[in-house]
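Written out below as structure tokens is the structure these notes cover.
The values are calculated or read from the model by the stated rules, or taken from the named source; none is laboratory data. On a predicted model such as this, the values are computed, not experimentally measured, just so you know. All Cβ positions, glycine included, derive from the backbone under ideal geometry; neighbour counts span all protein chains shown.
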Amino acid sequence: KAGVTQTPRYLIKTRGQQVTLSCSPISGHRSVSWYQQTPGQGLQFLFEYFSETQRNKGNFPGRFSGRQFSNSRSEMNVSTLELGDSALYLCASSLEQGSSYEQYFGPGTRLTVT
Amino acid sequence: AQSVTQLGSHVSVSEGALVLLRCNYSSSVPPYLFWYVQYPNQGLQLLLKYTSAATLVKGINGFEAEFKKSETSFHLTKPSAHMSDAAEYFCAVMGYNKLIFGAGTRLAVHP
């Protein structure tokens, strides 16, 4: 079974632009979560989607948003990019929503904001 | 609130030596605990998880972890380190449908 896929793998954007990242979960997985990884802040939770609805949100500004489609694929969008948004963005999928379900991660999208 | 503390941001061992990576958690409810590994320029790979079925959990690549409630610990061990184990390791606790990660421990393995 194919793992979690994320596109693109690398992205360079200019401050003030917006960006959309895509995530395809493992087949049959219905929950998708997004995390941001930076050297300074480590791994931080952005949001979780289940059944096309945002179920949980981390402590990030409104410039960060996402959505989930009926096939469980998910996108996240960052508007008005800032230099501090440079990070590795990781998507994770799990079979169902709930604390007992392990999350499987994709390879990430490396975003560089200049 | 739940949290995780990993003791030691860098650990260095010789090939063939015991690997011990420390993790302490804080949780007001019985926790779901996880260890993940990250190789350079890759995502996170699940090594093992604790879900209260057994206190000693065996994972992939010869790793195991023991849940000790009295010590609020979930340390990761491997009897004999291999060069391919060099990576960054993250301990995590599941909060409300989200993973809360420790700061990570970078493991170096030298010949």
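Candidates in the range A:6-22 are the residues that are more than 15 Å from A:Ala92 (Cα to Cα) and aliphatic (A, V, I, L, M); of these, the one that is surrounded by the most Cβ atoms within 10 Å (Cβ to Cβ) is A:Val19. Quickly run through the range B:36-51 and pick out the residues that are of a type outside the set (Val, Ile, Thr) and either under 24 Å from A:Thr109 (Cβ atoms) or within 9 Å of another protein chain (Cβ to nearest Cβ) (or both). Correct list: B:Tyr36, B:Gln38, B:Tyr39, B:Pro40, B:Asn41, B:Gln42, B:Gly43, B:Leu44, B:Gln45, B:Leu46, B:Leu47, B:Lys49. For beta carbons closer than 8 Å, sequence separation of 6+ or different chains, a first residue in the range A:46-65 that is away from chain B (no Cβ under 14 Å) and a second that is hydroxyl-bearing (Ser, Thr, Tyr), the qualifying pairs are A:Glu52/A:Ser70; A:Arg63/A:Ser79; A:Arg63/A:Thr80; A:Ser65/A:Ser79.
Please verify whether B:Tyr50 is surrounded by 14 or more Cβ atoms within 10 Å (Cβ to Cβ), at pLDDT below 95 and among the hydroxyl-bearing types (Ser, Thr, Tyr), treating the condition exactly as stated. For B:Tyr50, the condition - surrounded by 14 or more Cβ atoms within 10 Å (Cβ to Cβ), at pLDDT below 95 and among the hydroxyl-bearing types (Ser, Thr, Tyr) - is met.
On the stretch given as the range A:8-20, residues that are away from chain B (no Cβ under 13 Å) and either polar (S, T, N, Q) or not in a loop (DSSP other than H, G, I, E, B) (or both) total 8.
Checked against the criterion of being of a type in the set (A, V, I, L, M, F, W, C), part of a loop (DSSP other than H, G, I, E, B) and surrounded by 14 or more Cβ atoms within 10 Å (Cβ to Cβ), the range A:80-95 contains one or more residues that satisfy it.
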